[in-house]
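Engineer: Sharing a structure below in structure tokens format, with a few things to ask.
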Amino acid sequence: MTNAIVDTAAIPGWGIDADPKNDPTYPMRHIEQQETRGLTWKRPDQQQPDVEILRSIEHNRLPAVVGTSTPPSGLSGTIRRYAFRRSESDWWHWLLLMGADRINVVEGVVQDLARGTLPNIPAEMGARAEWRHNKKGLATKIGVTLALSAAAFALLRSRKRASGSDGVALAGPEEQTRSAVLYRMVLPDHTCPFGVRAKAMLEAHGFEIDDRILRTREEVDALEAELGVDTTPQIFIAGERIGGSDDLERWLEQG
Amino acid sequence: MLAMNYRGPYRVRADERPMPTIQHPEDAIVRVTRSCICGSDLHLYHGMVPDTRVGMTFGHEFCGIVEQVGPEVHNLKVGDHVLVPFNIACGKCHFCQQGLFGNCHESNAQATAVGGIYGYSHTAGGYDGGQAQYVRVPYADVGPMVIPDWMDPDDAVLLTDVVPTGYQAAEMGGIKQGDTVVVFGAGPVGLMAARSAWLFGAGRVIVIDHLDYRLDFARTFGPAEVYNFREIDDVVVFLKKQTDSLGADVCIDAVGGDAAGNKLQWLFGTKLKLEAGNSIALHWAINSVKKGGIVSIVGVYGPTGNMVPIGNVVNKGITIRANQASVKRLLPKLVEHIRAGRINPKAMITHRVPLEDIADAYHIFSAKLDGCIKPVLLPNGA
């Protein structure tokens, strides 16, 4: 490669943003405009998320706006909840989250299958583009994959023969979609955390949820009077009242 | 609506998803006209960022038409064509008030170390991003800017991240007239950093990478002196020789944790995840800058730790400047640079892809196929 020295006179705008005050450079801390120095700014309105939000323990309150993409669910969700007991400074916080990410990939495939779609993994990995622009690379990858699978298959077969068993069929009881009715409280200034927790537990156990949100104090009082209880959430499964989130947890544990 | 759907490392596809909704009075819903894949999306795509959940939609570089606004949005109206900075910023908190719009305290529940970023894992707030037909835009009065009539939307979409990030890399370098500036990485951000270094009065700009097609582009786009580190025995010694054995005045890391160039770092950082990505570019930057010089970092690394020669930072008296770009702060200046023809970001766009073909677009960009520098997605057609 040859490199001519660049003539700065030929550069449009050369030096136009040079600033002798720019040392070591902007922005350093500009605090002239600030009346106070602490957590006292006039906050934006608080978003009321209707999904479970994991919050860093380095925050003393939920930020005014939060993302509601892909709430924690399943085993990966349980690991994430545990990870969030540790600070951002704790190595385990991040290692646990990375572990959860990998488990989440398997859960993703299971979810796809449960919805009746077989994920086309080569297409998701851009095999078509690889074919168009890198045939040699694609051939190598396919070759290596086939060789490795053949080796693994051969190894498994030889082990099976050695043990003299054909293995045990792992047919579990047929999974049915179960459904639950969840009454929970989401008031303008307060989202009931137990309701969110109950929803997360039901999701984690594959329930289809009829999520009935009570948005005013009156709605909450009316439901509690009707059922003769004095707390929310209230969960119903197959017409049977299970109770609140702790009751649900016990119920789910007993299977 | 159609949206990108992350299924795991190296696996993405486009799926039908529910439409986003207004969830906060300052929200807007935007119909996306252009959306880029960013080099930092590749960190997500490679599974390097913790808490990247299956099912998320990525995309933090996008522009589009305002479809719907919440009751507290006053500066935007339905039908406005806006470019949306990648930072989600409230404009009110301690940090936004200092112009640190990349460090907002009211937009990321999951971490305090970074503000919210669209479609950038739950470590950056858990927002679905703009590689979709529609996207939820929080704090719509603060970040988005109406695209001026004269501006090409291809330039506008690059103003959401690439241009300000490259520009801020040069700005943080505190470049003084005549300085020698070394930019590690000839991706879109490195290219913009090289271009911007001249605006601050650099005397020499050198770009280091290992892909000849990108270096060739950098040579004319910068313009810059370009060198392929694969053809050089020791980058640090080489750069010292280029600078009278003193070292460069300013070194810019526009690479981050997905670097190539060192087998040990690749094993520890990229494969075993024992450090937060391969930090060889930063290592070279620290060792190539002159004593008392400035190292400016805009490359993205994970939240844990990296192997870098911190002892040399002390012994050489180096200043390290780093941040996520504060897009909103820089926009007025950068819009003016585009209007005056001093920068031409859209020249970096090499691929235009419909959202349906997102898996191929990611693979081409990640594997550096087909001379790819910057791919743009067209979620709602051209």
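None of the figures in this text is laboratory data; all of them are computed from the coordinates on show. This one's a predicted model, so the numbers in the text were calculated from it and none came from an experiment. Every residue, glycine among them, receives a Cβ derived from its backbone with ideal geometry; neighbour counts consider all protein chains shown.
Engineer: Please name which of B:Q68, B:G115, B:A248 has its Cα lying farthest along the dipole of the protein assembly as shown towards the positive end, using unit charges on Cβ (Lys, Arg +1; Asp, Glu -1) and the Cα centre as origin.
Structural biologist: B:A248
Engineer: Run down the lysines and flag those whose C-alpha is under 24 Å from the C-alpha of A:K141, throwing out any fewer than 8 positions away in its chain.
Structural biologist: The qualifying lysines are B:K263, B:K271, B:K273, B:K368.
Engineer: In debye to the nearest 20, how big a dipole does the stretch A:55-119 give about its Cα centre with +1 on each Lys and Arg Cβ and -1 on each Asp and Glu Cβ?
Structural biologist: Charge dipole of the stretch A:55-119: 200 debye, to the nearest 20.
Engineer: List B:T52, A:T216 from most exposed to least, where exposure is judged by having the fewest other Cβ atoms within 10 Å.
Structural biologist: Numbers: B:T52 28, A:T216 12.
Placing the least packed residue first, the sequence is A:T216, B:T52.
Engineer: Rg and Dmax of chain A, using alpha carbons, in Å: what are they?
Structural biologist: For chain A, the Cα radius of gyration and maximum Cα-Cα distance read 28.2, 85 Å.
Engineer: Hey, got a sec? Which trypsin sites (Lys or Arg not before Pro) in the stretch A:43-123 land in a DSSP loop and have at most 14 other Cβ atoms within 10 Å? Walk me through the numbers before you get to the answer.
Structural biologist: Numbers: sites: A:R55, A:R61, A:R80, A:R81, A:R85, A:R86, A:R102, A:R115; in loops: A:R55, A:R61, A:R85, A:R86, A:R115.
Of the trypsin sites (Lys or Arg not before Pro), the ones in loops of the stretch A:43-123 whose Cβ has at most 14 other Cβ atoms within 10 Å are A:R61, A:R85, A:R115.
Engineer: Mind putting a number on the dipole of the protein assembly as shown about its Cα centre? Charges go on the C-beta only, +1 for Lys and Arg and -1 for Asp and Glu, and I need it in Debye to the nearest 20. Please list the in-between numbers first.
Structural biologist: Working: 65 positive and 73 negative charges, 413 e Å.
Its charge dipole is roughly 1980 debye.
Engineer: Next question. Can you name the helices of chain A, as whole DSSP H runs, whose Cα span along the helix axis is 30 Å or more and whose Kyte-Doolittle mean is not below 0.0?
Structural biologist: Details: long enough: A:91-114 (34 Å, 0.55); A:135-163 (42 Å, 0.32).
Going by DSSP H runs, the hits are A:91-114, A:135-163.
Engineer: Okay, moving on. Can you tell me the dipole magnitude for chain B around its Cα centre, using point charges on the Cβ only (Lys, Arg +1; Asp, Glu -1), in Debye to the nearest 20? Kindly include the intermediate steps, with their values, before the conclusion.
Structural biologist: Working: 34 positive and 37 negative charges, 158 e Å.
For this selection, approximately 760 debye.
Engineer: Of all the stretches in chain A, which is the longest one without any exposed loop site, taking GluC sites (Glu not before Pro) in a DSSP loop (any state but H, G, I, E, B) with at most 14 other Cβ atoms within 10 Å? Could you put the intermediate results ahead of the total?
Structural biologist: Details: sites that count: A:E32, A:E35, A:E58, A:E174, A:E175.
Result for the longest clean stretch: A:59-173.
Engineer: Suppose R0 equals 41 Å; then what is the FRET efficiency for A:L118 and B:D152 from their Cβ-Cβ distance, rounded to the nearest 0.05?
Structural biologist: Values: r = 42 Å, r/R0 = 1.02.
Once rounded, the FRET efficiency stands at 0.45.
Engineer: Okay, next question. Using a Förster distance of 25 Å, how high is the FRET efficiency between A:K135 and B:E356, based on the Cβ-Cβ distance and rounded to 0.05? Before the final figure, lay out the partial values.
Structural biologist: Values: r = 23 Å, r/R0 = 0.91.
That pair, A:K135 with B:E356, gives E of 0.65.
Engineer: Do the sum for chain B: with -39,500 (n - 2.57) for every DSSP H run of n ≥ 4, divided by all residues, what is the mean residue ellipticity at 222 nm, to the nearest 500 deg cm²/dmol?
Structural biologist: Value at 222 nm, helices only, nearest 500: -7000 deg cm²/dmol.
Engineer: Work from the charge dipole of chain B (Cβ charges, +1 for Lys and Arg, -1 for Asp and Glu, about the Cα centre) and give the residue of B:P9, B:V54, B:H210 farthest towards its positive end.
Structural biologist: Going by the Cα projections, it comes out as B:H210.
Engineer: Between their Cα atoms, which of A:K42/B:K328; B:K316/B:K374; B:K240/B:K328; A:K135/A:K160; A:K42/B:K374 are more than 29 Å away from each other? Write out the running numbers ahead of the final one.
Structural biologist: Values: A:K42/B:K328 20 Å; B:K316/B:K374 36 Å; B:K240/B:K328 37 Å; A:K135/A:K160 37 Å; A:K42/B:K374 40 Å.
Violating the 29 Å Cα-Cα cut-off are B:K316/B:K374; B:K240/B:K328; A:K135/A:K160; A:K42/B:K374.
Engineer: Same structure, new question: Can you list, bin by bin at 10 Å, the percent of alpha carbon pairs in the stretch A:178-253, starting at 0?
Structural biologist: Per 10 Å bin, starting at 0, the Cα pair percentages come out as 21, 57, 21, 1.
Engineer: To check my understanding: the extent here is largest minus smallest coordinate of the Cα atoms along each principal axis. What are those three numbers for the stretch B:12-87, in Å, largest first?
Structural biologist: Its Cα atoms span 39, 23, 21 Å along the three principal axes.
Engineer: Another one. With a ≥ b ≥ c taken as the square roots of the eigenvalues of the C-alpha gyration tensor of chain B, please select rounded if a/c is under 1.5 and otherwise prolate if a/b is larger than b/c or oblate if it is not?
Structural biologist: On the way: a/c = 1.64, a/b = 1.50, b/c = 1.09.
Prolate.
Engineer: Got a sec? Charge dipole of the stretch B:301-382, +1 on Cβ for Lys and Arg, -1 for Asp and Glu; which of B:N323, B:G371, B:Y301 is way out at the positive end?
Structural biologist: B:N323
Engineer: Output needed for the protein assembly as shown: three equivalent-ellipsoid semi-axes, defined as square roots of 5 times the C-alpha gyration tensor eigenvalues, in descending order, whole Å. Write down the numbers at each step before the final one.
Structural biologist: Working: eigenvalues 378, 201, 103 Å².
Equivalent-ellipsoid dimensions as semi-axes: 43, 32, 23 Å.
Engineer: Taking N as the number of residues in the stretch B:295-382, what value does Rg over Cα atoms divided by 2.2 N^0.38 Å take? Can you show the working numbers first?
Structural biologist: Numbers: Rg = 18.5 Å, N = 88, 2.2 N^0.38 = 12.1 Å.
This ratio for the stretch B:295-382 stands at 1.54.
Engineer: Still on this structure: Report, in deg cm²/dmol and to the nearest 500, the calculated mean residue ellipticity at 222 nm for chain A, where each DSSP H run with n ≥ 4 adds -39500 (n - 2.57) and the sum is divided by the residue count.
Structural biologist: Numbers: 8 runs with 106 residues, N = 255.
Mean residue ellipticity at 222 nm (helix-derived): -13000 deg cm²/dmol.
Engineer: Let me ask something else about it. Could you work out the relative contact order of the stretch A:182-227? I mean the mean sequence separation of Cα pairs under 8 Å and 6+ apart, divided by the number of residues, in percent. Before the final figure, lay out the partial values.
Structural biologist: Values: 41 pairs, mean separation 22.1, N = 46.
Here the relative contact order equals 48 percent.
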